[in-house]
Every structure is written in C-alpha cells, then in structure tokens.
Amino acid sequence: MLRLRPARTLSVLGLCLIIPAIATNAEAFRIANWNILNYPSAMGSTREPYMRTALAAAQPDIVVVQEIQSDAGVAQFLNNVLNTIQPGQWAAGEFFNGPDTDNAIFYRISAFTYLGYTRITTDLRDINEYRFRVAGYSGVGGEFRVYSTHLKAGATSSDESQRLVETTIWRNFMNGNPAGTAFLACGDFNIRASTEASYQKLLENQADNDGRCHDPINTPGTWYNNAAFTAIHTQSTRTTSLGDGGATGGMDDRFDFVLSSDAFDDGEGLSYIPGTYKSYGQDGQHFNSTVNALPLNAAVGQTIADALYYSSDHLPVLADFQVPAKIDAPTVLAFGTVIVGAPAVVLGLPVENGAAAPADELNYTLSVPAGYSAPAGPFTALSGAGANLHNITMDTAASGDRSGTADVASNDVDFPVWSVTLSGAVLDHAQPSLSASSVVTAGALDFGAHSPGGFSDQNVAIHDFGFNAYQASLEIHGADFTGDPRFSLPGGFSPATAGASPASYAVHFDDTGATDGIYTATLTFHTRDPQAIPGATSRPDLVVDLTAVVSSGAVAVLDDSPGVTRTRLYSAAPNPLRWPAVIRYDV
C-alpha cells in the first residue's frame, strides 16, 4: 500500500526557423521619346543601322515614337531595329492607322506587362494612351500610362490655336483618370515657348488636376532659336538635306517632351529620377549646328552623334523613373519551445527593399502581438543596401501559446501590410508527484507481512501533475536505494517520462533467507524537466519509504503456570522512526 503526504506545488527553446519570402526584383526604367521622321517611307531601311546604334547606346526600356506610318512600319521598326539589338526582348503596343502620321510604342517584355490602349481623336492626328504595369508588381501602384502626341507644327497664331485645341482635348481626357494616376505625356509638341497656351494648358492648375502635367526640367522661356536653351534643344540634327525630308535648321528648337503627372513627380513610388532627363546627344555646344559637327560631341562622342544625325532630324528625349519600394522579408519566424524562466528568445527579422536600385526607399514600422516585443520604428531601407535586422523578442515569463502575427506596415504598393507569422510556446515546469490528484513528493510503500515466498512486487506510479499542452513533461532520470538491500527495481533502473500518462516502476522485495522481522529502505526518484528544452531545471525528488514484514507464522506457547507471565516487545520500525510506524509484540 502506497501512502502519500503533501508537498509544495512547484511549477521550453527548440530549433529556430526563419523562412524567407521570395520577392521579384524590379528595376528603374528609361523611356525614350523620338520622332523618327516619316518612317519607314523616308529612307527607313537606310536609316535603321543608325537607329540601332543610337538606341543600343541609349538603352531605353520603352520607346515612344511619332511619325510612324503603318502597321508594316511598326513591324519593321520592331524587327529591324529593336529586336535586332536585343533579339526577342521587345514587343509593340497596339497600333491604329489614323489620319496623317501616327504614334507607336515599343517595350521590353521582361520589364512590363502591357495592359491596353485608347485612342484620343483630334482634328489633325490621334493622341494615344498606352497602359502598363511594371514587372514584379501586381496592383495599381505598379501601373502607369504613357501618352504620345504629335501636335500641329508652325509658328502662326492659327497653328498655336490648333495646338491649344488639341491639348485641351488631351488635358480633359487625362483629367478623367483616377486620382493619383501615374502617367507620362510624350511627343513632338512643336511648342516654341513656355508661354504658349497649349503648354500652359497641360501644366495649369485646374479644378480637376488628375490630368495635370509637370515639366521635369522646369526651364521656362522662349526655347526657339535661343542659345540660352541649347542644352535642351532637340531639333534639327542637320543643317543640310539628307534626302529623307528632314528639317535642316540645325539645333535650335525644343520640340520634343516627356512630361510627368503629379504621381510621377512626388519622389514616392513610381517617380521621375531627378537629373536623368536629357535630349540624347545634346552637349550644349552645337547651337544652330549639326549634332555631329566639330567640336566633338562631348555628350555621346562621334559615333553616336553620327548615328543620331542620320537617324532622324529629332533627338530622342530620355528620362529615368524609379519603381516603388518592394518589401523582402520572411513570412515566418519560429521561436520554438522554452520553459518558463528561460532567457528571452530573440530572433532577427530581416527587412529589405527588394526593388533593385535605384528605386523608392522602403519606409516601414513594426508591430507585434502580446508576448513579443520589437522596435517600432519608423525605419528606412534603401534599395540595394541590404537588409535591416530587427530583434523580435519572445517573453518567457509566463506559460502559454505565443502564436501570432507581426505586421510590417510600409509603402510597398502591393503589400502595404506584410504579415510575419510568429510561432512559439512557453511551458510550465514539470510537476513531479506520487499522486494524480495533488502534488505529493513523499510517501510509503508497504509490502505487508508474509512468510518467506509470499511477497509480490509492488508498483510506484509517478505523475506529472496537472500536465497539459503548456506544461513540460517529466523526466525520471535516476533512482537509488538506502537501507536494506533486499529492496530493488527488477532489471535495474530505466529512465522514463511522465506526461499525459504516469510512469510506473515495479519494486521488488527479496525474502530469500529472510528471518522474521521488519525490513525497511528508502527509494528516491530523481526528476527534471526535458533537458532538450531551454529553461529546463531539476525538479523535486520523489521519496518512497519501503517496509516489508517477514513472519514465519509460528505461534508462541503460553506457559499458564500459576504466577508466570511472558511478554516480548520488538523494536519499532523503521528506525529512525517515520510515519507510519509498525510496532510488533508477542504475548
């Protein structure tokens, strides 16, 4: 029989796992706007080698053209120029053969998803809208529009009035864009001064500014035939006729433009990169001269200057644009399992701007659920600068489930809130007990009184009292006896674990050769938390007092002679005395 006495009630970090997210890098892109001079009828095949040389050096990602004449011309420029430079990498947007010459657009298929186009009709020529999404982005934050136009040429008041009509139609159309739409207004504007009404129409502040344009280089003045603006002039590359019908006035006009919307002008997300706008091939030293005349063109060198001279009477206009920030961070942080009181568990959360440089900076803050702590921010991650590492700490002061979500709130246009699943658990210490109903750390095991050969093995059950999902299991890692050596564990001690089920040990009393008397010993079990879990400690020993009484069964004979009385009192057991005690006597 096992008797129990109460004891004080007393009260884990596995492998840490980080699973990185896979983010597709996106790059800044370059747009080229180019009037390619009545292509292909005006000696197009002859000019194509020079176009290839110029564009290979300029390295645009989108090419917007004016004065293209037909579907056949679009296919010819795509195949003979762009896909000859970079085979299989270019595609063309939809083309509509409208009145007079037309617009077309070409793009690198690895850099953009083409979303469609819209015609905007005027009395003279169509204006075209083309819609794109930057590769690697999924939402509207990565989308933008490109417009191409070829406004009325000429310097008369009638010409200026016609341009105003065209830009009014255009501005009204762009005002119909959703608020915050990113767009670029490109083309051969034929505008001679910033004071012209058609230019002001595009830039003016209106009640509806969803279609308002900005001039990235903001250089107001009279551009026509004005040496003060030589650095931004785009026409004409020639002073003599080359037989293709191009203008021959030399470099003295700013006719070609790339304007941007508010969304492209605020430095956030899709945005113009300051200092990248240029009239390609313009070194500011060739006013009213050819682009390839001496002195040697300081901007592009002689070979490119010659290519531009023979390609068209207009220079291309180039501008670079950053793409939005793109968060690159793990989706899971696994803190493992620890035991209450273990050192706080700290894992690094790397947060990186996954957009390739140059791109918008990633601005973000961190928030974590109860049971965790993290620096709040705000933080900034520059593209190409590597990851910022933030320590996320799991508290180990109290037991419980630590599952939750850390949120990274940022200016990523596709994932404004990036969620990181946090997992972890804190366990209470194991509670060794000899009872299933309360915490008891000491007791007694009585084998009873028997004749030799009459003793059976007795069992000791060891419990992890109160065991549940958030309590450590109990390791029984040792046992030893003191007292009479007749007591033992059959087969010796084997480590065991108690948890949902108790561990059980058989205790044996060897009565071979035993004489009548009381035999005692003490069995002590040594316990601990699972050693593989951080925070594990030794747990209280469990002490079991063992008692066996050997009685041969002989009956004492009473001498009933008159006046004779015999009494025998045996020593109390165990010695030293513990509760319970056995006192035997013969009468």
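Brief remarks on what is shown
- Selection status of LEU333, out of contact with any Pro (no Cβ under 8 Å at 6 or more places or on another chain) and assigned to a loop (DSSP other than H, G, I, E, B): no
- Residue pairs meeting the criteria (Cβ under 6 Å; at least 6 apart or on separate chains; first under 20 Å from SER367 (Cβ atoms), in region 391-404; second among the polar types (S, T, N, Q)): THR393/SER373; SER403/SER423
- Residue check for THR230: in contact with a His (Cβ under 8 Å, 6 or more places away or on another chain) and among the hydroxyl-bearing types (Ser, Thr, Tyr): yes
- Pick from region 472-482, criterion in contact with a Leu (Cβ under 7 Å, 6 or more places away or on another chain) and not in a loop (DSSP other than H, G, I, E, B), ranking: most open to solvent (accessible area, probe 1.4 Å): PHE481
- Any chance VAL345 is in contact with a Pro (Cβ under 6 Å, 6 or more places away or on another chain), open to solvent by less than 20 Å² (accessible area, probe 1.4 Å) and over 30 Å from TYR272 (Cβ atoms): no
- Flag for GLY491 being assigned to a loop (DSSP other than H, G, I, E, B), farther than 15 Å from PHE525 by Cα and open to solvent by less than 60 Å² (accessible area, probe 1.4 Å): no
- Some residue of region 313-329 being assigned to a strand (DSSP E or B), of a type in the set (Gly, Ala, Ser), under 18 Å from the mean Cα position of the chain (by Cα) and more than 20 Å from ASP61 (Cα to Cα): no
- Selection from region 445-496 of residues that are among the polar types (S, T, N, Q) and either under 60 Å from the mean Cα position of the chain (by Cα) or over 27 Å from SER552 (Cα atoms) (or both): ASN459, ASN468, GLN471, SER473, SER494
- The lone exception for GLY139 - which of (1) under 30 Å from the mean Cα position of the chain (by Cα); (2) at pLDDT 95 or above it fails: (2)
- Number of positions in region 506-539 that are assigned to a loop (DSSP other than H, G, I, E, B), of a type outside the set (A, V, I, L, M) and within 60 Å of the chain's Cα centre (by Cα): 6
So that you can scan it fast, the table gives a plain yes or no per residue for (1) surrounded by fewer than 21 Cβ atoms within 10 Å (Cβ to Cβ); (2) touching a strand residue (DSSP E or B) at 6+ places or on another chain (Cβ under 9 Å); (3) modelled with pLDDT under 95:
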{"position": "ASN25", "(1), (2), (3)": "yes, yes, yes"}
{"position": "ALA42", "(1), (2), (3)": "yes, yes, no"}
{"position": "PRO49", "(1), (2), (3)": "yes, no, no"}
{"position": "THR53", "(1), (2), (3)": "yes, no, no"}
{"position": "TYR107", "(1), (2), (3)": "no, yes, no"}
{"position": "GLY116", "(1), (2), (3)": "yes, yes, no"}
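- Residue within region 229-240 that is in a helix (DSSP H, G or I), aromatic (Phe, Trp, Tyr) and crowded, with 18+ Cβ neighbours inside 10 Å present: yes
- Selected residue (criterion: farthest from the chain's Cα centre (by Cα)) from residues of region 288-305 that are crowded, with 20+ Cβ neighbours inside 10 Å and within 20 Å of GLY243 (Cβ to Cβ): THR290
- Selection status of GLN206, out of contact with any Gly (no Cβ under 7 Å at 6 or more places or on another chain) and outside any loop (DSSP other than H, G, I, E, B): no
- Each residue in region 417-431 was checked for being buried (at least 16 other Cβ atoms within 10 Å of the Cβ) and hydroxyl-bearing (Ser, Thr, Tyr), and 1 pass.
- In the set (1) hydrophobic (A, V, I, L, M, F, W, C); (2) over 15 Å from SER70 (Cβ atoms); (3) touching a Ser or Thr at 6+ places or on another chain (Cβ under 8 Å), ALA104 fails one condition alone, (2).
- Enumeration of residues in region 457-485 that are of a type outside the set (Val, Ile, Thr) and under 18 Å from TYR519 (Cα atoms): ASP457, GLN458, ASN459, ASP480, PHE481, GLY483, ASP484, PRO485
- Condition met for ARG8 (basic (Lys, Arg) and modelled with pLDDT of 95 or more): no
- Region 146-161, subset part of a helix (DSSP H, G or I) and not hydroxyl-bearing (Ser, Thr, Tyr), residue least open to solvent (accessible area, probe 1.4 Å): ASP159
- Any chance SER538 is out of contact with any Lys or Arg (no Cβ under 6 Å at 6 or more places or on another chain) and at pLDDT 95 or above: no
- Tally of residues being open to solvent by less than 50 Å² (accessible area, probe 1.4 Å), farther than 21 Å from VAL346 by Cβ, out of contact with any Ser or Thr (no Cβ under 9 Å at 6 or more places or on another chain) and of a type in the set (Ser, Thr, Tyr) across region 376-416: 1
- Applying the criterion of being of a type in the set (Lys, Arg) and over 43 Å from the mean Cα position of the chain (by Cα) to the residues of region 142-200, the residue that is farthest from PHE106 (Cα to Cα) is ARG192.
- Top-ranked residue of region 382-405 - restricted to ones that are in contact with an Asp or Glu (Cβ under 6 Å, 6 or more places away or on another chain) and hydrophobic (A, V, I, L, M, F, W, C), ranked as nearest to GLY424 (Cα to Cα): ALA387
- Residue within region 192-213 that is polar (S, T, N, Q) and under 14 Å from ALA319 (Cα atoms) present: no
- Matching residues, region 449-471, being assigned to a loop (DSSP other than H, G, I, E, B), among the hydrophobic types (A, V, I, L, M, F, W, C) and open to solvent by 40 Å² or more (accessible area, probe 1.4 Å): PHE465, PHE467, ALA469
- Filtering region 530-544 to residues that are open to solvent by less than 20 Å² (accessible area, probe 1.4 Å) and not hydrophobic (A, V, I, L, M, F, W, C) leaves only PRO530.
- Taking region 351-375 as the range and being at pLDDT 95 or above, open to solvent by 40 Å² or more (accessible area, probe 1.4 Å) and either touching a Cys at 6+ places or on another chain (Cβ under 8 Å) or under 30 Å from PRO274 (Cβ atoms) (or both) as the test, the residues that pass are GLU352, GLU361, ASN363, THR365.
The values are calculated or read from the model by the stated rules, or taken from the named source; none is laboratory data. On a predicted model such as this, the values are computed, not experimentally measured, just so you know. FYI the Cβ positions are ideal-geometry reconstructions off the backbone, even for glycines, and counts take in every protein chain you see. Heads up: the accessible areas ignore ligands, DNA and RNA and are worked out on the full protein's heavy atoms, side chains in. Shrake-Rupley method; radii C 1.70, N 1.55, O 1.52, S 1.80 Å.
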